[in-house]
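Take a look at the structure set out below.
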Amino acid sequence: MNIAIVGSGPSAFYTTQSLLREDQDIKIDIFEKLPAPFGLVRYGVAPDHQKTKNIIRLFSKYLDEENVAYFGNVNIGKDVSIELISQLYDAVIISSGASLDKELILEGDNYKNLFGSAEFVGWYNGNPLHSKLNPNFRTKNAVIIGNGNVALDCARILSKSKEELYQSDIMDYALDTLSTSAIENIYIIGRRTPKEAKFTISELREMGELKTFEPKVNYNKEDLEKILNSGELDTKVKKNIEVLLSFKSNQKKYKKKIIFKFLSSPYKIVSKNDQTHILLKKSVVKNNNIVVTNEVENIEAGIVISAIGYKVCPIDGLELDPTKNFFANKNGHIKNNIYTNGWASGASVGVIGTNKIGASLLTKKVLNEVKSKKPYASEKIKEFLKQKLIKFITKDDWKKLDKIEIDLAKENFTRAKLADLKTIFKYL
Ligand SMILES: Cc1cc2nc3c(=O)[nH]c(=O)nc-3n(C[C@H](O)[C@H](O)[C@H](O)COP(=O)(O)OP(=O)(O)OC[C@H]3O[C@@H](n4cnc5c(N)ncnc54)[C@H](O)[C@@H]3O)c2cc1C
């Protein structure tokens, strides 16, 4: 059996793991549009969460398998068409994630210090597609829109000092730019109530452990207690509310604040005389429904980051579902011998481990439905890429780059990621 996997994030590697468990003779070629493997584990997970990134060790073990080949810097849909890859392999699995920001619709949103979290997170994590972003932190207020962990990641990176980022692999250029920061207030804005927030407990707790910022919660203590005592609360929600309550009674007196604002819907950005404001419509809870009112709040916002979720980057030859957030598929089947899993196949939610179940289910489906009949395609693909003058990165190249990145790390940091293609190819 001869399988192509498009993407090299958690879904790709959990699929590789499942496939090899089912059949040791399967030949797997992994195609990744970026030079380096590991998807959002490398470019999404926050640089100060190195323990989470340890999963890379497991993925590297599968990358090392004899039957697994790696083609980095190869964009499927552009460098190699879906038609060709589908012809050459018994099955193609699209594990290409969801790398684009869902659009934040604001009136007057052509403000240039507004970033989607995919690009902002990509910037501090050294994603070659976003390494040239130029955020300006010489401003008093930052506004982050969204109530999930990505919003918390962005707030944490904005609020940590260089020392607090020791033992991380944050990009050097990001540290330099962050060192110019004049940010004193980081607003985290949610449209709904704390009950609906998607934070996870450990990430939320970290907001109370920062060295120079303290968390403030703009929500009545009594209303938080009401939620807590409302019964039938999900444990995760209960813990979040308890943490938010503990923030309300914190005794710190730091000048710099992370301010949680709930029931606030951003709808407009206004820039005038070098100052930008974001306008929010306040909501109220009436009979368990959230109702947007005409009461407007105005926050000065020198930098705005929208962390409201992700959608797939389209691939020529594959249809999107009606929401345009993922590839149209039926239980993982797209068409012919093409399948999908992970964030490419449905709503982009869930942690790294969540993708393991999907990978295992899809593996069973593919092995049930696809018959092995095609010769191994690696050599043909290599020839094709060479003819098209597409420089691809092999797994030996990656091993070399991996070592170089670790060797280049500055004192107190774990790795200096290479984010520039020219530099990468200079090393190879
Ligand atoms: C900012 C952020 C922080 C997160 N932090 C955590 C965390 O701390 N802990 C946790 O458990 N989970 C975290 N998650 C969730 C976790 O990262 C995802 O569950 C997981 O990465 C999804 O895996 P995936 O393989 O489906 O997609 P991805 O990880 O996105 O991998 C997809 C890969 O496909 C590649 N690709 C895309 N298109 C093409 C193409 N046309 N050709 C070739 N390759 C292509 C992409 O470059 C990418 O490398 C975070 C997510 C985000 C967005």
Residues meeting the amide H criterion for SER306 (H placed from the backbone, H to H distance under 5 Å, 5 or more places apart or on another chain) are PHE115, GLY116, SER117, ILE145
Mean Cβ-within-10 Å packing, highest first, puts peptides 291-301, 156-166, 226-236, 273-283 in the order 156-166, 273-283, 291-301, 226-236
Protection proxy (average C-beta count within 10 Å per residue), highest first, orders 356-366, 303-313, 412-422 as 303-313, 356-366, 412-422
Around ILE28 (Cβ within 14 Å, Cβ-to-Cβ, excluding ILE28; K/R +1, D/E -1) the net charge comes to -4
Using alpha-carbon positions, the gyration tensor of region 103-306 gives root eigenvalues a ≥ b ≥ c; with a/c under 1.5 called rounded, otherwise prolate if a/b exceeds b/c, else oblate, the class is oblate
Per DSSP, the loop-located chymotrypsin sites (Phe, Trp or Tyr not before Pro) within region 199-273 having at most 16 other beta carbons within 10 Å are TYR254
With the 8 Å Cα cutoff and a minimum separation of six or more residues, region 103-306 has a relative contact order in percent of 29
In degrees, nearest 10, the alpha-carbon axis of helix 235-248 is tilted away from the dominant principal axis of the alpha carbons of the chain by 40
Checked against a 27 Å limit on the C-alpha separation, the offending pairs among LYS257/LYS311; LYS53/LYS216; LYS364/LYS388; LYS53/LYS162; LYS257/LYS324 are LYS257/LYS311; LYS53/LYS216; LYS364/LYS388; LYS257/LYS324
Projected onto the charge dipole of the chain (unit charges on the beta-carbon of Lys, Arg, Asp and Glu, signs +1, +1, -1, -1), the Cα from ILE26, VAL143, SER378 with the largest positive-side position is that of VAL143
Checking region 31-96 for trypsin sites (Lys or Arg not before Pro) in a loop per DSSP with at most 11 other beta-carbon atoms within 10 Å yields LYS78
Cβ density ranking, 10 Å radius, fewest first, applied to TRP343, TRP398 yields TRP398, TRP343
With GLU203 itself left out, Lys, Arg at +1 and Asp, Glu at -1 over residues whose Cβ is under 12 Å from its Cβ give +1
Going residue by residue through region 352-369, the Karplus relation 6.51 cos²θ - 1.76 cosθ + 1.60 with θ = phi - 60° gives ³J(HN,Hα) values, rounded to whole Hz and with x marking Gly or Pro, of 3, x, 4, 6, 5, 5, x, 5, 5, 5, 5, 4, 4, 4, 4, 5, 6, 9
From the Cα centre of region 274-319 to that of region 47-115, the distance in Å is 27
Region 143-209: relative contact order from alpha carbon pairs under 8 Å, six or more residues apart, as a whole percent, is 59
The answer for TYR339, listing residues at least 5 apart or on another chain whose modeled amide H is closer than 5 Å to its amide H, is VAL92, ILE93, ILE94, ILE334
Quick calc, the chain, dipole around Cα centre from Cβ unit charges on Lys, Arg (+) and Asp, Glu (-), nearest 20 debye, gives 560
For the chain the mean separation of alpha carbon contacts under 8 Å (6+ apart) over residue count, i.e. relative contact order in percent, is 24
Answer in debye to the nearest 20: the dipole magnitude of region 36-161 about its Cα centre, from +1 Lys/Arg and -1 Asp/Glu charges placed on Cβ, is 760
Around HIS277 (Cβ within 9 Å, Cβ-to-Cβ, excluding HIS277; K/R +1, D/E -1) the net charge comes to +1
For LYS268, other-chain or 5+-apart residues with amide H closer than 5 Å (H placed, Pro excluded) are GLU107, LEU279
One finds the C-alpha centres of region 238-262 and region 321-399 to be spaced, in Å, by 42
Out of PRO266, ILE305, LEU63 - ranked by how far each Cα lies towards the positive end of the dipole of the chain, with unit charges on the beta-carbon of charged residues - the top one is PRO266
Diffing region 293-301: the Karplus 3J(HN,Hα) column from phi (6.51, -1.76, 1.60, θ = phi - 60°), in whole Hz with x for Gly and Pro, holds 9, 8, 6, 10, 10, 10, 10, 5, 9
Tilt, helix 10-22 to longest principal axis of the chain (alpha-carbon atoms), in degrees rounded to tens, equals 40
Along region 118-134, Karplus-curve 3J(HN,Hα) (6.51, -1.76, 1.60; θ = phi - 60°) to the nearest Hz, with x for Gly and Pro, reads 4, 6, 5, 5, x, 5, 6, 9, x, 5, x, 6, 10, 5, 8, 4, 10
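Where a number appears in this text, it was derived from the coordinates with a stated rule and is not lab data. Since the structure is predicted, the reported quantities are computational estimates derived from the model, not experimental observations. All Cβ positions, even for glycine, are placed from backbone atoms using ideal geometry, and neighbour counts span all protein chains on display.
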